[in-house]
Amino acid sequence: MAPLPGRSSRAVLLAVTCLGQFMVLLDNTIVGAALPDMQRRLHTELTGLQWIVDAYVLLVAMLLLSGGIFADRFGRKRMYLTGAVVFTAASLLCTLAPTLGWLIAGRVLQGIGAAALSPASLALLAAAYPVPGERVKAIGLWAGFSGLGLAAGPAVGGVLTDVFGWPAIFLVNVPIGVVLLVVGLRSLEETRNPSAPPIDIPGTVLSVLGMGVLTYGLIEGGARGWTSPVILGSFTAAAILFAVFVAVEARRGAPMLPLGLFRRRLFTVSNTAMVVVGFALMGSSFFFSQFFVYVQGSSILRAGLQTLPLSLAMVVLSPYAGRLAARYGFRIVVTTGLALAGLGLLALGMVHADTGYENVWWRLGLAGIGFALTMSPLTGAAIQAVSPQEGGLASGVSSTTRQIGAVLGVAVLGAIVRTRQSGGASFEVGLDSAFLAAGAITLATAVFTGLWLATPKAAENPATPGHSTDRDTGSTSNAAFTNSP
């Protein structure tokens with residue numbers, strides 16, 4: 001076992017891991033501000049923009065759990081630096097991409113790099129801070145920098161795109177990545193977990209293929225026609241791949257996704273709700289800048305600033321969501337958050353070209369408040385449903401389900417807009433339909449969690465007393481939800 005790093009070394013490790021997670025989260029939100037410029041300069045339609053976003057999110061969603069296992073088995077420093085190299089190189093490829101195809105390829109590589117870097121950064125922190133109190137503080141700072149990246153994305157993206165064009169939003173990652181590599185090679189110490197489970201290669205491959213084929217059908221269906229042989233074939237192939245995935249995972253000794261966890265109602269309900277949160281949040285965020293630019297005539301810079309109420313509300317309130325869940329319970333806080341988010345999205349579905357911003361910002365803020373109240377408690381509920389030894393896996397699954405929802409949100413809401421347009425409706429009407437659909441689904445999920453998101457009785461709860469209480473999971477899950485970009 002490697003000796004623990006000294007105080008100064010741990011400070012450098014904290015700075016490096018926080019900066020890496022900041023870069024990943026910044027990239028997650030900075031792209032939205034540049035989508036209108038990408039559409040104009042790359043001469044692409046809505047489907048092309050969907051692929052720019054989903055190519056990244058899809059790879060993160062499907063490789064996140066495997067990335068954590070890789071870090072434990074092959075070395076957290078090695079995986080972190082490998083992820084930083086891949087992410088930085090992919091960012092340079094995106095910057096220089098001459099066509100939409102090259103840009104999507106770069107986004108795929110970015111997703112692979114992020115899926116390695118993000119879980120390894122948290123694993124490095126956990127190994128360097130074995131004392132629980134110090135670890136909580138370190139992870140709190142790590143989560144805080146993640147939140148800054150999330151909030152800064154729209155504004156930074158608007159400024160860079162307005163001044164230099166969309167390639168600049170990816171170029172900004174290159175100097176950050178170089179700093180991470182130079183400092184990380186000199187300062188990080190290698191740690192491993194010799195008892196980490198083996199890599200589930202069949203499960204990983206099947207999940208990537210299944211979600212990829214399903215995403216293809218959802219994104220391309222609006223353009224090719226929902227009854228075309230290619231689209232129907234993609235949905236059929238996705239169903240077969242998912243069925244094989246379930247069969248393979250049920251028979252493996254160490255699956256990437258232990259299906260037995262879903263026999264626990266609290267775990268299943270919390271992750272189902274998390275899919276909807278990712279669906280509604282990412283799916284609606286995909287259209288915010290496009291709404292301000294194409295419907296209301298804003299500049300790209302102004303549009304980036306106009307989307308800030310949602311991300312700022314999330315950053316400010318997210319640290320308190322876990323405490324509220326610990327005090328009032330998961331069900332009350334999550335259900336309230338979903339209801340507020342749903343109402344905010346429904347209100348956005350009633351905004352038009354002549355609606356003044358003074359009547360728009362509060363709708364974004366309301367949705368942001370709602371989502372801030374949901375993500376951390378939902379991860380806490382998933383952790384509460386399992387034993388203490390399974391807490392890390394539960395947190396990873398929760399992050400993965402949110403990313404899966406994000407993939408589906410961009411694909412499905414984009415399909416709604418595209419379908420309305422193909423029927424003769426304007427882009428504005430299509431956006432209204434997408435926001436209304438996201439709001440209705442979110443409100444329906446609020447009813448679902450209000451009925452079913454209840455902590456099991458002590459006799460049914462696999463968590464042992466003193467290890468996983470509402471208060472414990474509420475305070476730690478706030479960091480857990482940022483464990484993926």
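The values are calculated or read from the model by the stated rules, or taken from the named source; none is laboratory data. This one's a predicted model, so the numbers in the text were calculated from it and none came from an experiment. Here the Cβ positions follow ideal geometry from the backbone for every residue, glycine too, while neighbour counts run over all protein chains shown. We work out accessible area using only protein heavy atoms, side chains counted, and drop any ligands, DNA or RNA first. Shrake-Rupley method; radii C 1.70, N 1.55, O 1.52, S 1.80 Å.
Provide the per residue accessible area, probe 1.4 Å, for the chain, rounded to a whole number of square angstrom. Please list the in-between numbers first.
Working: 18690 Å² over 485 residues.
Spelled out: the 1.4 Å probe surface of the chain, per residue, equals 39 Å².
Using the eigenvalues of the Cα gyration tensor, what equivalent ellipsoid semi-axes result for the stretch 321-371 when each is taken as the square root of five times the eigenvalue, whole Å, largest first?
Details: eigenvalues 153, 19, 5 Å².
Over the Cα atoms of the stretch 321-371, the semi-axes work out to 28, 10, 5 Å.
How much of the accessible area of the chain, probe 1.4 Å, is carbon plus sulfur, in whole percent?
On the way: 12750 of 18690 Å².
Its accessible area is 68 percent carbon and sulfur atoms.
Please state the shape class of the stretch 22-69: rounded when a/c is under 1.5, otherwise prolate if a/b exceeds b/c and oblate if not, all from the C-alpha gyration tensor. Before the final figure, lay out each step's value.
Details: a/c = 4.51, a/b = 1.91, b/c = 2.37.
Note, shape of the stretch 22-69 comes out oblate.
So, by mean Cβ neighbours within 10 angstrom, what's the order for 166-175, 403-412 with the highest one leading? Could the numbers behind the result be given before it?
Details: 166-175: 20.2, 403-412: 26.7.
Most protected by this proxy first, the peptides run 403-412, 166-175.
Using bins 10 angstrom wide from zero, how does P(r) for the stretch 1-131 break down, in % of all Cα pairs?
13, 40, 27, 14, 5, 1
What net charge is computed for the residues neighbouring Leu181, neighbours being all others with C-beta under 13 Å from the C-beta of Leu181, Lys and Arg scored +1, Asp and Glu -1? Working shown, then result.
Values: positive: Lys77, Arg78, Arg186; negative: none.
Local net charge: +3.
For the chain, what does the alpha-carbon gyration tensor say about shape, rounded, prolate or oblate, given a ≥ b ≥ c as the root eigenvalues, a/c under 1.5 as rounded, and a/b over b/c as prolate?
rounded
Can you tell me how the stretch 223-326 classifies by the Cα gyration tensor, rounded, prolate or oblate, using a/c under 1.5 as the rounded cut? Mind showing how you got there, number by number?
Working: a/c = 3.77, a/b = 1.31, b/c = 2.88.
Oblate.
Rounded to the nearest 0.05, what FRET efficiency is calculated for Ala444 and Asn359 with R0 set to 25 Å and r the Cβ-Cβ distance?
Details: r = 26 Å, r/R0 = 1.04.
Computed FRET efficiency for Ala444 and Asn359: 0.45.
Roughly what percent of Cα-Cα pairs across the stretch 117-197 reach past 14 Å?
Taking all Cα-Cα pairs of the stretch 117-197, the fraction more than 14 Å apart is 74 percent.
About the Cα centre, and with charges only on the beta carbon of Lys, Arg (+1) and Asp, Glu (-1), how big is the dipole of the chain? Nearest 20 debye, please.
Working: 29 positive and 20 negative charges, 183 e Å.
About 880 debye.
Starting with the highest mean, order 26-37, 145-156 by the number of other Cβ atoms within 10 Å, averaged over the residues of each peptide. List each step's numbers first, then the result.
Working: 26-37: 25.6, 145-156: 22.2.
My ranking of the peptides, most packed first, is 26-37, 145-156.
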